C-alpha cells in the first residue's frame with residue numbers, strides 16, 4: 001500500500017517537482033499551499049507517513065507551519081529559501097527529519113534521497129550503547145526521526161548480548177566511557193565476531209583528548225563523533241556508514257551472482273557447499289551433489305538464436321528455484337548447473353531430481369512466436385565422504401555417462417560402469 005506524503009508548499013512549480021519526486025517513490029501525495037489548508041486537511045484525515053513543509057507560507061511567514069505539523073505526529077522535512085544562522089538554528093531546535101535549503105536542483109535530489117531513506121530505514125537496526133540515560137535518549141530521539149529500528153544497551157557486555165539476539169542490527173553507536181567494558185574494548189570484541197562488511201561501528205566521546213578517535217578506529221570502529229555533536233553531522237555519518245554497507249552488499253552480490261540467471265555463481269557455490277558437505281558428513285545427513293546440463297543447448301542457440309538460449313537459461317533457473325529451491329543452487333557456467341540437496345533418504349532425493357527432470361522434459365518454453373522443448377541430463381553423487389571437488393568430478397563423469405546413453409536421464413556416480 002502506498003504511503004501518504006503531505007506536501008506543504010505555496011509555489012506551484014516547486015510543489016509539482018516535489019510531487020513528481022514523491023510519486024516516483026510510490027507516495028500518495030496531498031498538497032497544501034497554506035497553513036489553513038494544512039489544518040483543514042489534517043482535521044479531515046491524519047494518516048500521513050511524512051510531510052515536506054515550506055518554511056515561509058502566506059499565512060505562516062516565520063515557520064509557524066512546522067511546529068503545527070510536528071504536533072500532529074507527522075515527521076517533517078523542512079524546505080527553506082532562507083539561509084541565515086538564526087533560521088537554521090530555529091529549524092534544528094525542532095524534531096524535524098532534516099532541512100533542505102532551496103538553492104539549486106541538488107536540493108531536490110537530496111530530498112529524494114531523504115524520502116527513500118524514510119521508506120527503507122526501518123530495515124536497519126541500530127544499537128545505541130550509552131550508560132548515560134540523557135545522552136542515550138538524545139541519540140535514540142535523533143534516530144527515531146529517521147525511522148530506524150532502535151536497540152539500546154547501557155554497557156558493553158550487555159551490548160554483545162543484544163547483538164547476538166538481533167541479526168538486523170547493522171550499526172552500533174557506542175560511547176567511550178562506560179563501566180565494566182568501555183567503548184573501545186566493545187569495538188574490539190564486536191570485530192572478533194562481525195566483519196566490517198557485516199556491521200559498522202561509530203564511536204562517540206565527550207573527552208577532550210583527541211587520541212580517542214584514532215584508538216576507536218584502530219580497534220575496529222568505522223567512524224567517530226565528538227560530543228556534543230551537531231544533528232546534521234550525526235545524520236550524515238549515519239547515512240554514510242549505512243550507504244557503505246549497502247555498497248559492499250551490492251558488490252558482494254555482483255561477485256557471487258550469475259548476471260543472467262541471478263543464481264549463485266560457481267565461486268559462491270563452492271564457497272558455500274564445501275562447509276555444508278562437511279557438516280552433512282559429520283552429522284550423517286543424507287545428501288547429494290548433482291550437476292545438471294541442458295541437452296543439445298548449442299542446437300537451441302543455432303536454431304532459435306542466442307537470445308532464445310538466454311531465455312531458456314532464465315526459465316530453467318526459475319524451474320530450479322521453484323522445484324529444488326530448498327537446496328543450494330548455482331549456474332556453474334554455460335548451460336551447466338550445480339545443486340546440493342539434503343533430505344530424509346536417498347530415494348527421496350533421487351525422486352526429487354527425477355521429477356524435476358520430467359517437468360523440464362514435458363514443459364514448453366514460449367519465445368517470440370515459438371514453443372521450444374528441451375530436456376536436461378543429470379549426474380549425481382549420494383552421501384559421499386570425499387571432498388566437494390572430488391564429488392564434482394564424479395558427478396561430472398556421471399553426467400557424461402547420461403549424455404552418452406541417450407540424454408534426458410539421471411546417472412548415479414557409483415552405478416556407472
Inset, instruction - Please find, within segment 398-417, the residue that is modelled with the lowest pLDDT out of those that are loosely packed, with under 15 Cβ neighbours inside 10 Å and in contact with a helix residue (DSSP H, G or I) (Cβ under 9 Å, 6 or more places away or on another chain). - result: 417
Inset, instruction - Can you give me the ranges of the strands (runs of 3 or more DSSP E) entirely in segment 76-186 with at least 1 residues that are touching a helix residue (DSSP H, G or I) at 6+ places or on another chain (Cβ under 9 Å) and more than 30 Å from residue 57 (Cα to Cα)? - result: 125-129, 149-153, 169-175
Inset, instruction - Report yes if some residue within segment 46-56 is modelled with pLDDT under 95, farther than 26 Å from residue 90 by Cα, surrounded by fewer than 17 Cβ atoms within 10 Å (Cβ to Cβ) and out of contact with any helix residue (DSSP H, G or I) (no Cβ under 6 Å at 6 or more places or on another chain); otherwise report no. - result: yes
Inset, instruction - Count, please, the residues in segment 199-230 that happen to be exposed (fewer than 15 other Cβ atoms within 10 Å of the Cβ) and either assigned to a helix (DSSP H, G or I) or modelled with pLDDT of 95 or more (or both). - result: 3
Legend entry - Enumeration of residues in segment 303-332 that are without any contact (Cβ under 8 Å) to a residue 60 or more places away in the chain, surrounded by 17 or more Cβ atoms within 10 Å (Cβ to Cβ) and not in a helix (DSSP H, G or I): 327
Legend entry - Residue that is nearest to the chain's Cα centre (by Cα), among those in segment 53-93 that are within 18 Å of residue 14 (Cβ to Cβ) and touching a residue at least 60 places away in the same chain (Cβ under 8 Å): 79
Inset, instruction - Considering each residue of segment 358-373, count those that are out of contact with any strand residue (DSSP E or B) (no Cβ under 6 Å at 6 or more places or on another chain) and touching a residue at least 40 places away in the same chain (Cβ under 8 Å), and give that number. - result: 6
Legend entry - Where a residue in segment 182-200 is on the phi < 0 side of the Ramachandran plot and its partner, wherever it lies, is part of a loop (DSSP other than H, G, I, E, B) and surrounded by fewer than 17 Cβ atoms within 10 Å (Cβ to Cβ), with Cβ under 9 Å and at least six apart: 183/177
Inset, instruction - Quickly run through segment 2-45 and pick out the residues that are in contact with a helix residue (DSSP H, G or I) (Cβ under 9 Å, 6 or more places away or on another chain) and part of a strand (DSSP E or B). - result: 5, 6, 7, 8, 28, 29, 30, 31, 32
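The values are calculated or read from the model by the stated rules, or taken from the named source; none is laboratory data. Note that this is a predicted model, so its numbers are computed, not measured. Positions of Cβ are backbone-derived with ideal geometry, glycine not excepted, and every protein chain shown enters the neighbour counts.
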